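Heads up: the structure comes next, in structure tokens.
Every number here is computed from the coordinates shown, using simple stated rules; none is lab data. Worth saying up front: this structure is predicted, and the values here are computed from it rather than measured. So basically every Cβ, Gly included, is an ideal-geometry build from the backbone, and we count neighbours across all protein chains shown.
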Amino acid sequence: MTERWLTELLEAVEKGEVSSSAALEQLSGFPVEDLAYAQVDHLRPLIQGFHEVVFGEGKTPEQVVGICQSLANQDGSFLVTRAGSAIQDAVRARFPGVEVNPLARTLHLVPDQVPETTGKGTVLVVTAGTSDLPVAEEAAVVCRALHNRVETLYDVGVAGIHRLLRKAEVLTRASVVIVAAGMDGALASVTGGLVKVPVIAVPTSVGYGASFGGVSALLAMLNSCASGIVVVNIDNGFGAAAAASRINHLP
């Protein structure tokens, strides 16, 4: 339930175009809709500017479809992350127009009236390697869904640092940079030393044995000597995107 939708409903009631009983029916389930297996939070858009995002892992396809239906009933939109193939198939069958990104494992139903981009600048999503793409693509999809302009710069890790340096103009025009990197996680520090904007580092679980499933990259990013870097959890492209969007929407 968006602020715009609620405002239009209240104005329609005030003008006599919608009866109070009809308005109450439209507001059924507000602020929380009880689906037994989920408490769908329809107040979230009024507080944070965007409805809650559905985390697909650990849920059945039927549960995800039910939650998505509840969200779609409010403003015709929803976003699902960590959606496996079974969930993708189930949601696509119910909502044929949903945008599916198999690499990112995301599902995004865009409302009929596409919101304008409201972020002040551009969020740049960077990866050290091609293997980091699933995390980076999750971040990019979420940033776009949160009404940000997004650019991407992939496979520019420190094993061939000239690949990053030759794209310096892309770095300098970004308002926020998200860096997804596994193995030694060094790209976040390098990027932090090249830009004056916030850098959000995302350690990925990519790497050999001593990378410990991303812990090595996480510790390297937390110990970075480059200023202006903040770090989210391992493989958490969604968290990085949510933070980047808040920064990009600051007054």
(request) Return Asp155, Asp75, Asp34 ranked ascending by Cβ neighbour count within 10 Å, so the fewest neighbours appear first. (result) Asp34, Asp155, Asp75
(request) With a bin width of 10 angstrom, please list the P(r) values of region 3-109 as percents of all Cα-Cα pairs, from the 0 bin to the one holding the largest distance. (result) 14, 42, 29, 12, 3
(message) How tilted is helix 133-145 with respect to the longest principal axis of the chain? Cα atoms for both, answer in degrees (0 to 90, nearest 10).
(response) 40
(request) Rounded to the nearest 10 degrees, what's the angle between the helix 85-94 long axis and the longest principal axis of the chain, both from Cα atoms, 0 to 90? (result) 30
(request) Sequence neighbours fewer than 8 away in the same chain don't count; with that in mind, list the aspartates and glutamates whose C-alpha is under 15 Å from Lys59. (result) Asp89
(request) Return the FRET efficiency for the residue pair Phe212, Lys15: r is the Cβ-Cβ distance, R0 is 45 Å, and the value is rounded to the nearest 0.05. (result) 0.15
(request) Starting with the fewest neighbours, write out Cys143, Cys68 ranked by other beta-carbon atoms found within 10 Å of each beta-carbon. (result) Cys68, Cys143
(message) Explain nothing, just the number: relative contact order of the chain, from Cα pairs under 8 Å at least 6 residues apart, as a whole percent.
(response) 14
(message) Give the lysines reachable from Lys167 as a straight Cα distance under 24 Å; neighbours fewer than 8 places away on the same chain don't count.
(response) Lys120, Lys196
(request) Quick one: order Tyr37, Tyr154 by neighbouring beta-carbon count within 10 Å, fewest to most. (result) Tyr37, Tyr154
(request) Using only Cα atoms, find the angle between the long axis of helix 237-248 and the longest principal axis of the chain, and express it within 0 to 90 degrees, rounded to the nearest 10. (result) 80
(request) Report, for the chain, the % of DSSP beta bridges that are antiparallel, rounded to 5. (result) 30
(request) Could you work out the local net charge near Ala226, counting Lys and Arg as +1, Asp and Glu as -1, over the other residues with Cβ closer than 15 Å to its Cβ? (result) 0
(request) Find the relative contact order for region 122-248 and round it to a whole percent, using C-alpha pairs within less than 8 Å whose residues are 6+ positions apart. (result) 29
